[in-house]
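A.B. asks: Here it is: the structure, laid out below.
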Amino acid sequence: MVTQLIEHERIKTTLPKAELLRKYAEKMIAYAKREDSEAAKNKIKAFINTEFAKKKLVMEIAPRFKDKPSNFTRIVHLGKRRGDNAPMAYIEYIGNEIDKYEQAMKRQDIENGVVVDKKEYGKKLLA
């Protein structure tokens, strides 16, 4: 799941999984910030599955938090899931470009004359 969070920078999951994932995601950023350490590079290689995620972590995400000592992720509560009533949440890296992308998509839909329903719009983006 850490690999998916790094690749997408925001994922939707249950609240207990998000809270557990936060611990590992923060550790990966801390390892990536230590550029000189061979041990940190080995931990990243062992923990993250894809080459794309490894490169994105080291080249894009870690430099964003160069001056920040901790708290690299945010958990946003979404409410209960239909069916089993499980608490849902987004977990995302702070400072990602997803909000700007969503606003641009919404603006584009409005300009094209598409009726924007707030509930359906969020489902369309994350589907």
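A.B. asks: Checking understanding here: applying a Kyte-Doolittle mean of at least -0.5 and a length along the axis of at least 15 Å (C-alpha), which whole DSSP H helices in the chain pass?
C.D. replies: 15-33
A.B. asks: Hey, what's the chain come to in accessible area per residue, 1.4 Å probe, Å²?
C.D. replies: Per residue, the chain has an accessible area of 68 Å².
A.B. asks: Can you give the helix-only mean residue ellipticity at 222 nm for the chain, where every DSSP H stretch with n ≥ 4 adds -39500 (n - 2.57) and the sum goes over all residues, rounded to the nearest 500 deg cm²/dmol?
C.D. replies: -15500 deg cm²/dmol
A.B. asks: Quick one: if you stick a label point 7 Å off each Cα along the C-beta vector at Glu97 and Glu38, how many nm between them?
C.D. replies: Taking the two extended label points, one gets 3.5 nm.
A.B. asks: At a 1.4 Å probe radius, carbon and sulfur cover how many percent of the accessible area of the chain?
C.D. replies: Details: 4500 of 8620 Å².
The C+S portion of the solvent-accessible surface of the chain is 52 percent.
A.B. asks: Under a crude label model (7 Å from the Cα following the beta-carbon direction), how far is Met105 from Leu78 in nanometres?
C.D. replies: 1.3 nm
The values are calculated or read from the model by the stated rules, or taken from the named source; none is laboratory data. What you are looking at is a predicted structure, and each value in this text was computed from that prediction instead of being measured. All Cβ positions, even for glycine, are placed from backbone atoms using ideal geometry, and neighbour counts span all protein chains on display. Surface accessibility is based on the protein's heavy atoms, side chains included, excluding ligands, DNA and RNA. Shrake-Rupley method; radii C 1.70, N 1.55, O 1.52, S 1.80 Å.
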